Amino acid sequence: MRNSKSTLSHTGPLRLIQIGLGGWGRDWMKIVRAETQVEAAAFVDASPDALKLACERGAPDDRCFTSLTEALRATEADAALVTTNAHGHAPVALAAIEAGLPVLVEKPFTPTIAEARAVVNAAHARGVPLMVSQNYRHHPASHLAAQLVREGRLGEVGYVEVDFRRDHARAVPAPAAHHRLPHPLLLDMAIHHFDLMRFVLGREPLSIDCHAFNPPGVPLWTPRAPRPPSPSKAGWS
């Protein structure tokens, strides 16, 4: 599927608009650049600082825009890559879908079930592909674990425990996007492990029960506390 400005005769690389040029978005720039079948048609972020950093990392100045609307007017695109913070995923994806673009969204898909349903329903109604990036399942170790389970070499699986440790509590030099999420390990990172269990076990969950807490003294937001200062947000309109 292509945006209405595209021509069906286009046979070159997939022309991609990337929305969201924070730290992880700039990592995605390297991934897109390394893919010969994809061309970065435009880069979008409402933050001038983020656009400046993107330009320093190779984004052409004439392909940088402060809104998706502006980028769509100025370029022809075949798909959109949404790498904003989690709160921007739903509105940006909805805007791209409305423009007729297939969309790849970084995880976590959306902060709420209601937003997720709205985006899925919009993609279905518009008839465009919608995908969520889950890269852990493509690691060699994940494939080996899935193979061991399928072949039953270790017997039937009755219990799975995931032990994951990462020091993301420190807000240095300033709070990052995940510091604005309630229980960021559960909402931002645990989706990796949830998807890994689906992939390795080859099963879908019957029910989910989650418990989380933020240890005292760490700069992570909880619903009872004021939100930390907002990091730069990618723009959309």
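The values are calculated or read from the model by the stated rules, or taken from the named source; none is laboratory data. These numbers were taken from a predicted model, which means no experiment stands behind them. Note that we place each Cβ from the backbone using ideal geometry, even for glycine, and neighbour counts take in every protein chain shown. Side chains included, ligands, DNA and RNA excluded: accessible areas come from the protein's heavy atoms. Shrake-Rupley method; radii C 1.70, N 1.55, O 1.52, S 1.80 Å.
Packing, taken as the mean count of other beta carbons within 10 Å per residue, orders the peptides 114-123, 43-52, 140-149, 14-23 from highest to lowest as 14-23, 43-52, 114-123, 140-149. Neighbours of HIS193, meaning other residues whose beta-carbon lies under 13 angstrom from its beta-carbon, give a summed charge of +1 when Lys and Arg score +1 and Asp and Glu score -1. Per residue, the accessible area of the range 1-153 comes to 51 Å² when a 1.4 Å probe rolls over the protein heavy atoms. Solvent-accessible surface (1.4 Å probe) assigned to GLU39 amounts to roughly 60 Å².
Computed from phi, the 3J(HN,Hα) profile of the range 128-140 under the Karplus parametrisation 6.51, -1.76, 1.60 (θ = phi - 60°) reads 10, x, 9, 10, 10, 6, 9, 8, 4, 5, 9, 6, x Hz, with x in place of Gly and Pro.
Under a Cβ-Cβ cut-off of 9 Å, what is the net charge of the residues other than SER133 that fall near it, where Lys and Arg count +1 and Asp and Glu count -1?
Details: positive: LYS107; negative: GLU106.
Once positives and negatives cancel, what remains is 0.
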